[in-house]
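Structure, as structure tokens:
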Amino acid sequence: MACDLTKGRAVPCKDVVGGIRAVYFVDYGDLGTITLTNDEVTNISGTFSAYQYLVKGNSSFEQTFNSSRDNGTTFFTQTLNLTLTKLTKEDNKELKLLAYGRPYVVVQDYNGNAFLMGMNNGAEVTGGTIVTGAAMGDLSGYTLTMEGQETMPANFIAGATTANPFAGLAGANDTIVVGSNS
């Protein structure tokens, strides 16, 4: 049977940390053919631009199992919560475009992992705020929630590096567009 277990799991070492360091947005459809080997992205055939957003602090990535015995279905909800500091007219424009589209999202954590969110269906902006804050120490910036629904968890990307999450993918013809300090 295809759903038989294949291995156990020991208690791992305490050598990891939480948090995400960057996200990369790629227009839906631009990745071309995505090759998976053992549920890991091992190649991408497309020519694309990946727009890098460095994040720190309150941003997070979470995946939820959704399974129904009655319906015989299982899917995974991939949720990205971003906090982006500082309001700018340029960011207003870009975040509006992000909300209109359904990009692929690569989430890079502080442990050197990169995950492809929305591999088959893209990721949708489901909510967010543009906030000035009330007190001097409050957030003046953006919060954004994105969600993807897929038949499997977000896949690890093989050979990802801190400088380029697509570095290990021989067929990927990527251009990383790094943001500026506004």
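For first residues located in segment 129-156 and at negative phi, partners that are small (Gly, Ala, Ser) and in a loop (DSSP other than H, G, I, E, B) and lie 6+ apart or on another chain with Cβ distances below 6 Å form the pairs Thr132/Ser140; Leu139/Gly133; Ser140/Gly133; Met146/Ala123; Gly148/Gly118; Gly148/Ala123. Taken over segment 110-145, residues that are aromatic (Phe, Trp, Tyr) and under 25 Å from Gly32 (Cα atoms) amount to 1. Among all residues of segment 85-96, there is none that is of a type in the set (Val, Ile, Thr), under 20 Å from the mean Cα position of the chain (by Cα), assigned to a strand (DSSP E or B) and under 17 Å from Thr151 (Cβ atoms).
Taking the criterion of being in contact (Cβ under 8 Å) with a residue 24 or more places away in the chain and among the β-branched types (Val, Ile, Thr), the residues of segment 47-97 that qualify are Thr47, Val55, Thr74, Thr77, Thr79, Thr83, Thr85, Thr88. The single condition among (1) touching a Lys or Arg at 6+ places or on another chain (Cβ under 8 Å); (2) loosely packed, with under 12 Cβ neighbours inside 10 Å; (3) not charged (D, E, K, R) that Tyr110 does not satisfy is (2).
Taking the criterion of being outside any strand (DSSP E or B), in contact with a Ser or Thr (Cβ under 6 Å, 6 or more places away or on another chain) and farther than 24 Å from Ala99 by Cα, the residues of segment 163-182 that qualify are Ala167, Gly171. When segment 67-83 is filtered for residues that are open to solvent by 20 Å² or more (accessible area, probe 1.4 Å), within 17 Å of Thr145 (Cβ to Cβ) and of a type outside the set (Val, Ile, Thr), the ones remaining, listed by number, are Phe76, Asn81. The set of residues from segment 98-107 being open to solvent by 30 Å² or more (accessible area, probe 1.4 Å) and either part of a helix (DSSP H, G or I) or at pLDDT below 95 (or both) comprises Ala99, Tyr100. Go through segment 128-162 residue by residue and tally those that are open to solvent by 30 Å² or more (accessible area, probe 1.4 Å) and part of a strand (DSSP E or B). Result for segment 128-162: 9. Looking only at residues of segment 4-38 that are open to solvent by 100 Å² or more (accessible area, probe 1.4 Å) and not basic (Lys, Arg), we find that the one that is modelled with the highest pLDDT is Asn38.
Against the conditions (1) touching a strand residue (DSSP E or B) at 6+ places or on another chain (Cβ under 9 Å); (2) open to solvent by 70 Å² or more (accessible area, probe 1.4 Å); (3) of a type outside the set (Asp, Glu); (4) within 18 Å of Gly127 (Cβ to Cβ), Met117 satisfies every one except (2).
What tally of residues in segment 43-59 results from selecting those that are part of a strand (DSSP E or B) and crowded, with 16+ Cβ neighbours inside 10 Å? I'd like the intermediate steps shown before the answer.
Step one: of segment 43-59, the residues part of a strand (DSSP E or B) are 43-44, 47-54.
Then keep just the ones that are crowded, with 16+ Cβ neighbours inside 10 Å; that gives 43-44, 48, 50-53.
Looking only at that region, the number is 7.
Confirm whether Val107 is within 11 Å of the chain's Cα centre (by Cα) and not acidic (Asp, Glu). When the stated conditions are applied, Val107 passes them.
The values are calculated or read from the model by the stated rules, or taken from the named source; none is laboratory data. Small disclaimer: the values here were computed from a predicted structure and weren't measured. We place every Cβ from the backbone using ideal geometry, glycine too, and count neighbours over all the protein chains shown. Protein only, heavy atoms only, side chains kept; ligands, DNA and RNA dropped before computing areas. Shrake-Rupley method; radii C 1.70, N 1.55, O 1.52, S 1.80 Å.
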